[in-house]
């Protein structure tokens, strides 16, 4: 496991926040560097565990997923779907212009 | 009068027409009005809806109809989508959200005639152990230390649901448990909280935190009441592919089975350093109670217990960072206007998420990012497999496990909030069962020297909630826990 404290310089914190699409104020970066570093340092105790030959477990749910008929079960819900839209135009969501 | 009723007692009184649902509902609304300024257990109270549902239930009962929950006033964690009633997850980013649909669990409860009093407070997106990360202010525990008026936390994340039931603001309530969010607040508030097996209750319409761990479950003041409520909440749902298609047993009947001949495992790794002596003593008392009731006590080992929390704090944030990507300011919830799309995403998410949710999204993003995935996420999934194997091995030798629920009683508002890792340690006894997906219950078993409630936890095999309820009911009978919190309607304060 990589050494977390070394990995998390201010540029790394900014890179993670960018990947997560969360804007950080400059004054937040140092505090997050400390907090995230402490959490990742604590997590490194897993280095002690021998996991050789162990298959990863993603979920404890049933291994086989149920099948259903490939058929339309719902529809014509435009108004319900758009009811919570922060901004809309007719039957569409609107966002700031992305193509000039 | 609201604390004098159990769910089952109120059900019997309604059926015998000794009381109407309108009277019962009005009494609970009055208790909420009286205590809410002090406790802040609710984000939204819905009196008109509750009274309309109560009148409908009274009419149904009058016709000799009415389901298992007919006319019973309950509260819903504000993580369950409720049609036409705002559902916030205690987050600014969902503050304006009014679901156009009903979650499966709450739909099941409405089918059975329940009366919904309102939506209860929680840690933002269910991330926390104190209900202090709510964007709408903390919930206060109705319990106080003897001779002190220091405000205590109700635990979390389902702290509003637990406080409401403890204070008599609702007969029972729903919660969700991802790493202990039902069992730990139940312990802190002196009530019963049950996390069913992963897959027992549908997650459809429940705001997602960590999808491989999240599981809805009931809070109530007795084990039987929790069993009754789970019977309505549970069931197969084709809309949740992890929901299991197997019949829902009569959980209330299982409460009367007793523990004679059951083998109860005592996991030695739960005797953690630093656990207060009175919690150890209560655990030993619980062992003696079950032995006296006819159970066989067996020492067992769950060797990977100490790695449960660290594994959890990789898996849960990883899943959360993925689930919470949907809050982008475009389709629902908060939007901070911006000149381009990336700014819109980044400004909306910066304004909408609180500090703990932001930390977990960033941790999750990091452990899933290129170059770190194998070292963190894949490693955690392998340790998770070992934790599951610990439980599977133990349950070949025993029918259930008995442990403390939490390493402390309720702590003060503001304590443990400076250091995230200190807060995470609250869930040391509850997280391993979450990682393994097994069912667990917390039952109030005693008071500490400050007069605060402490819970004991019973864990069982996958889909063997019945044995968990049977053992929980035996503990409840032996403990005879009858203490009530200081902040309540009848206290004559």
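Tally time: how many residues in segment A:8-33 are under 21 Å from the mean Cα position of the chain (by Cα), within 23 Å of residue B:424 (Cα to Cα) and either more than 10 Å from every other protein chain (Cβ to nearest Cβ) or in contact (Cβ under 8 Å) with a residue 24 or more places away in the chain (or both)? Of the residues in that region, 3 qualify.
From the list A:40, A:36, A:46, the one residue that fits, being outside any loop (DSSP other than H, G, I, E, B), more than 7 Å from chain B (Cβ to nearest Cβ) and surrounded by 15 or more Cβ atoms within 10 Å (Cβ to Cβ), is A:40.
If you go through segment A:65-100 and keep only what is facing another protein chain (nearest Cβ under 10 Å), out of contact with any strand residue (DSSP E or B) (no Cβ under 7 Å at 6 or more places or on another chain) and not in a loop (DSSP other than H, G, I, E, B), you end up with A:79, A:80, A:81, A:88, A:93.
What about residue B:429, is it in a helix (DSSP H, G or I) and touching a residue at least 12 places away in the same chain (Cβ under 8 Å)? So residue B:429 does not fit the description; no.
Only a single item in (1) more than 25 Å from residue B:380 (Cβ to Cβ); (2) in a loop (DSSP other than H, G, I, E, B); (3) modelled with pLDDT of 95 or more is not met by residue B:302, and it is number (1). Looking only at residues that are within 7 Å of another protein chain (Cβ to nearest Cβ) and in a helix (DSSP H, G or I) in segment B:365-375, which one is surrounded by the fewest Cβ atoms within 10 Å (Cβ to Cβ)? Among residues in segment B:365-375 that are within 7 Å of another protein chain (Cβ to nearest Cβ) and in a helix (DSSP H, G or I), the one surrounded by the fewest Cβ atoms within 10 Å (Cβ to Cβ) is B:375. Residues in segment B:53-84 that are within 27 Å of the chain's Cα centre (by Cα) and part of a helix (DSSP H, G or I): B:53, B:54, B:57. Does any residue of segment B:376-384 turn out to be within 9 Å of chain A (Cβ to nearest Cβ), closer than 19 Å to residue B:320 by Cβ, modelled with pLDDT of 95 or more and surrounded by fewer than 18 Cβ atoms within 10 Å (Cβ to Cβ)? There is at least one residue in segment B:376-384 that is within 9 Å of chain A (Cβ to nearest Cβ), closer than 19 Å to residue B:320 by Cβ, modelled with pLDDT of 95 or more and surrounded by fewer than 18 Cβ atoms within 10 Å (Cβ to Cβ). Among the residues of segment B:346-364, the ones that are buried (at least 18 other Cβ atoms within 10 Å of the Cβ) and either within 30 Å of residue A:100 (Cβ to Cβ) or at pLDDT below 95 (or both) come to 5 in all.
Taken together, the residues in segment B:331-345 that are within 7 Å of another protein chain (Cβ to nearest Cβ), under 31 Å from the mean Cα position of the chain (by Cα) and surrounded by fewer than 21 Cβ atoms within 10 Å (Cβ to Cβ) amount to 1.
The values are calculated or read from the model by the stated rules, or taken from the named source; none is laboratory data. These numbers were taken from a predicted model, which means no experiment stands behind them. Reconstructed Cβ throughout: ideal geometry from the backbone, glycine too, with neighbour counts over all protein chains shown.
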